[in-house]
Amino acid sequence: KSEAVKWYRKAAEQDVVEAQNILANCYYNAIGVEENKSEAVKWYQKAAEKGVVEAQTILANCYYYGNGTKMNYGKAAEWYQKSAEQGVSEAQYSIGRCYFLGQGVENDYISAIEWYLKADAQGNAKAQNDLGVCYLNGYGVEQDYAVAAEYFSKASEQDNIESHNYLGDCYYNGQGVE
């Protein structure tokens, strides 16, 4: 694999966007080279700026969690937004979470719910769980235990651990279930 990395690097240095993304993946995941998250971020940044949606999503995660770069919720939200607008379910969930928590963007439950719904439409269990939390507590929506339980049930069907617990609470407390 180190021979592949050598050629990807040559292509990446000549601005071949596919090679930039692959080279970033190699550094990030220690494929053919020693793991080097900061070098990965450098190449993800180049590919992301050229519109590579995978690079945008991974770069956002790097900024969000501080992998290979300083943690920066503002930059994370910016890249999640770009990726989410291109229909990436995980990015839609993540930008929704940023709005929900006010990380890198102003706290805005309505925007969070809009993004969670887009991710839910693609079957994203984390978004379904968080929609359940919104309905359970009335965050940005009218509190509705039945709708909360439906979202927790959808996420639980995908083995979302948090939703198992919330759904258990719904049954224990008789909220939204029979």
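Residue count for region 120-139, restricted to those that are assigned to a loop (DSSP other than H, G, I, E, B) and either closer than 12 Å to S94 by Cβ or within 14 Å of the chain's Cα centre (by Cα) (or both): 3.
Give me the residue from region 140-178 that is part of a loop (DSSP other than H, G, I, E, B) and hydrophobic (A, V, I, L, M, F, W, C) and, out of that set, nearest to the chain's Cα centre (by Cα).
V141
Within region 119-148, the residues that satisfy the criterion of being buried (at least 24 other Cβ atoms within 10 Å of the Cβ), more than 13 Å from F100 (Cβ to Cβ) and either small (G, A, S) or in contact with a Leu (Cβ under 7 Å, 6 or more places away or on another chain) (or both) are D120, A148. If you go through region 126-151 and pick out every residue that is at positive phi and touching a residue at least 24 places away in the same chain (Cβ under 8 Å), you end up with 1. Going by the structure shown, is F152 closer than 19 Å to G74 by Cα and not aliphatic (A, V, I, L, M)? Considered against the rule, which asks whether it is closer than 19 Å to G74 by Cα and not aliphatic (A, V, I, L, M), F152 comes out as no.
For region 20-30, a residue qualifies if it is open to solvent by 50 Å² or more (accessible area, probe 1.4 Å) and under 19 Å from the mean Cα position of the chain (by Cα), and exactly one does: N29. Restricting the first member to region 152-163 and to residues that are on the phi < 0 side of the Ramachandran plot, and the second to residues that are open to solvent by 100 Å² or more (accessible area, probe 1.4 Å), the beta-carbon pairs closer than 8 Å and six or more apart or on different chains are A155/E162.
The test for being open to solvent by less than 30 Å² (accessible area, probe 1.4 Å) and either within 26 Å of A125 (Cα to Cα) or modelled with pLDDT under 95 (or both) does not hold for A40.
A residue that is surrounded by 24 or more Cβ atoms within 10 Å (Cβ to Cβ), over 23 Å from E85 (Cβ atoms) and out of contact with any strand residue (DSSP E or B) (no Cβ under 8 Å at 6 or more places or on another chain) can be found somewhere in region 155-162.
Checked against the criterion of being closer than 30 Å to D130 by Cβ, open to solvent by less than 70 Å² (accessible area, probe 1.4 Å) and of a type in the set (A, V, I, L, M, F, W, C), the candidates V17, V5, V88, V33 yield just one match: V88. For region 91-118, filtered to residues that are more than 23 Å from A40 (Cα to Cα) and β-branched (V, I, T), the residue that is surrounded by the fewest Cβ atoms within 10 Å (Cβ to Cβ) is I110. A single entry from Q56, Q20 fulfils the requirement of being free of Cβ contacts under 8 Å to residues at least 40 places away in the same chain and within 25 Å of Q103 (Cβ to Cβ): Q56.
The values are calculated or read from the model by the stated rules, or taken from the named source; none is laboratory data. Please read all numbers here as calculations on a predicted model, not as lab measurements. Methodologically, a virtual Cβ is constructed for each residue, glycine included, from the backbone with ideal geometry; neighbour enumeration extends over all protein chains shown. When the accessible area is computed, the model is the full protein with side chains, heavy atoms only, and any ligands, DNA or RNA have been set aside. Shrake-Rupley method; radii C 1.70, N 1.55, O 1.52, S 1.80 Å.
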